[in-house]
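Only one structure is covered here, and it is reproduced in the block below.
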Amino acid sequence: MENFRKILVNQETTIRETIRIIDQSAMQIALAVDEQNKLLGTITDGDIRRGILQGISLEGPVKSIMNRKPNVCRLDDDREAILSRMKLGRLHHLPVLDGAGCVVGLEMLDELLAPVERENVVVLMAGGLGTRLRPLTEECPKPMLKIGGRPILETILLSFMEFGFRKFYICVNYKAEIITEYFGDGSRWGAEIRYVHETRKLGTAGALSLLPERPAHPIFVMNGDLLTKVNFNHLLDFHVGHHVNATMCVREYDFQVPYGVVKIDTHKVVGIEEKPVHRFFVNAGVYVLEPKALDLIPQDTYFDMTTLFEKLVDQDQGAAVFPVREYWLDVGHMADFERANGEFQETFHD
């Protein structure tokens, strides 16, 4: 229980520093305390993501996003009572407090329960031509390019398996035999891999119309040229908890205007903003879909994922965004490929 001390923060600690502490501890939570170690609030991955969506600066104090009324347990609570409370409340952590309200430990659901194998299907899109990475892709499909000594697609597969996902479909087209021969049925990794063969380009969503059966659980869809450390369990919990038909991962993208922007009212200058920065959320190429969302996809027709989301929004069928704050890189250009190789060892070390 002594490990909890490394996740204690002051309520004035910046959000950015708190993120670092959470990521390094692997406990997925931080506890804000006062000088006497009394609990003031908790900070989880969800709190941070909500703060990002609200535009709160990562340099701001963590007190601006923390949960000030967290669930807790007491030193004399027995294991079964704690486990029951966590299951009922769908809680992953419970700070342990003494009679004075001071933190003395942290109960974690993952340590109380054995890891659960996920039933969700993961669909990986690996059929693209990779024209922007030629000549590397003239003889090799882009998802099979090696970064850190292994194909990008294998790193993606292992990332999902780390969180208990075992069932995969890989959508293939360009040089499909290289992918199918390398991965086979997935048994070498303890996974179950099947293939969707596109005879022509169908788009990220259109390829899903070729799935041989309708999944029973929410499905993941991910581009096969992405490297990310996103927590897929957090993503799934977010999706299920928001009761939507589709969730799109998004990344913050800043664009700085290289000039002073003049604000005018008719012919009068009312202000000048020097090189303003505009912030947007952009599609990160990772999605979670409810099985019924697949009903909106036409059979064997080009249909992009953004078109599917537009359709869901138009029909008010529920679509959400999940901000990715973890490492994320689209290996789309040669510079990205070189950067990924330079960062791989530190980011994806075994």
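The dipole here belongs to the chain: it is taken about the Cα centre, uses +1 on the Cβ of Lys and Arg and -1 on the Cβ of Asp and Glu, and is about 460 debye.
Which parts of the range 155-175 would a label at K146 reach, counting a residue when its backbone N lies under 18 Å from a point 7 Å out along Cα-to-Cβ? Zone members listed by number: 155-158. Listed from fewest to most Cβ neighbours within 10 Å, the set M222, M334 follows the order M334, M222. Suppose R0 equals 51 Å; then what is the FRET efficiency for N37 and D330 from their Cβ-Cβ distance, rounded to the nearest 0.05? My answer for the efficiency is 0.75. With both labels modelled 7 Å from their Cα along Cα-to-Cβ, the A81 to E252 distance reads 4.2 nm.
Which is farthest toward the positive dipole end of the range 263-350 among V286, T266, G342, measuring Cα position about the Cα centre, with Cβ charges +1 (Lys, Arg) and -1 (Asp, Glu)? Of the candidates, T266 comes out farthest on the positive side. Taking Cα atoms, how many degrees apart are the long axis of helix 79-89 and the longest axis of the chain, rounded to 10 and kept between 0 and 90? Helix 79-89 and the main axis of the chain meet at about 60 degrees. Specify the angular offset, from 0 to 90 degrees and rounded to the nearest 10, of the alpha carbon long axis of helix 334-347 from the longest principal axis of the alpha carbons in the chain. Long axis of 334-347 versus the principal axis of the chain: about 40 degrees.
With a cut-off of 12 Å between beta carbons, the residues surrounding D336 carry a summed charge of -1, where Lys and Arg count +1 and Asp and Glu -1. The value of relative contact order for the range 149-295, using C-alpha pairs under 8 Å at least six residues apart, is 24 percent.
Placing unit charges on each Cβ (+1 for Lys and Arg, -1 for Asp and Glu) gives the range 118-347 a dipole about its Cα centre, and among A191, L124, L145 the Cα reaching farthest toward its positive end belongs to L145.
Give the calculated FRET efficiency between R200 and D314 to the nearest 0.05, with a Förster radius of 41 Å applied to their Cβ-Cβ distance. That pair, R200 with D314, gives E of 0.95. If you count the DSSP beta bridges with both ends in the chain, what percent of them are antiparallel, to the nearest 5? If we restrict to bridges inside the chain, about 60 percent are antiparallel.
Normalising by the residue count of the range 2-112, find the relative contact order in percent from Cα pairs under 8 Å and 6+ residues apart.
24 percent.
Starting with the fewest neighbours, write out H93, H217, H234 ranked by other beta-carbon atoms found within 10 Å of each beta-carbon.
Placing the least packed residue first, the sequence is H217, H234, H93.
So what is the 222 nm mean residue ellipticity for the chain from helices alone, if each DSSP H run of at least 4 adds -39500 (n - 2.57) and you divide by all residues, rounding to the nearest 500 deg cm²/dmol? Could the numbers behind the result be given before it?
Numbers: 10 runs with 92 residues, N = 350.
Only helices count here, giving -7500 deg cm²/dmol.
Full extension of the chain between D185 and R90 yields a length gain of 30.8 nm, computed as 0.36 nm times the residue separation minus the alpha carbon distance. Evaluating 6.51 cos²θ - 1.76 cosθ + 1.60 at θ = phi - 60° for every residue in the range 163-179, the Karplus couplings come out as 9, x, 8, 10, 9, 10, 10, 10, 8, 10, 8, 5, 6, 4, 4, 5, 6 Hz, glycine and proline recorded as x.
Each residue of the range 288-298 was assigned a 3J(HN,Hα) from its phi angle through the Karplus expression (A = 6.51, B = -1.76, C = 1.60, θ = phi - 60°), giving 10, 10, 6, x, 6, 5, 5, 5, 8, 8, x Hz with x at Gly and Pro.
What's the ranking of 255-263, 173-181 by average number of surrounding C-beta atoms within 10 Å, highest first?
Per-residue Cβ counts within 10 Å, averaged per peptide and sorted highest first, yield 173-181, 255-263.
When L112, L40 are arranged by Cβ crowding within 10 Å, least crowded first, meaning fewest neighbours, the order is L112, L40.
A dipole drawn for the range 2-112 from +1 and -1 charges on Cβ atoms has a positive end, and of S57, L31, V103 the residue lying farthest that way is S57. Between the helical axis of 152-162 and the longest alpha-carbon principal axis of the chain there is an angle of about 40 degrees.
The amide H of L136, built 1.01 Å from its N in the peptide plane, has no neighbour under 5 Å, considering only residues 5 or more places off or on other chains. Using Cα springs under 10 Å in a Gaussian network model of the chain, which residue among G285, G55, G164 shows the largest mean-square fluctuation? Of the options given, G55 has the highest mean-square fluctuation.
Bear in mind these aren't lab numbers, they're just calculated from the coordinates by the rules spelled out. The shown structure was predicted, so the numbers you read here are calculated from the model rather than taken from an experiment. Quick reminder, even Gly has a Cβ in these numbers, built from the backbone with ideal geometry, and neighbours come from all protein chains shown.
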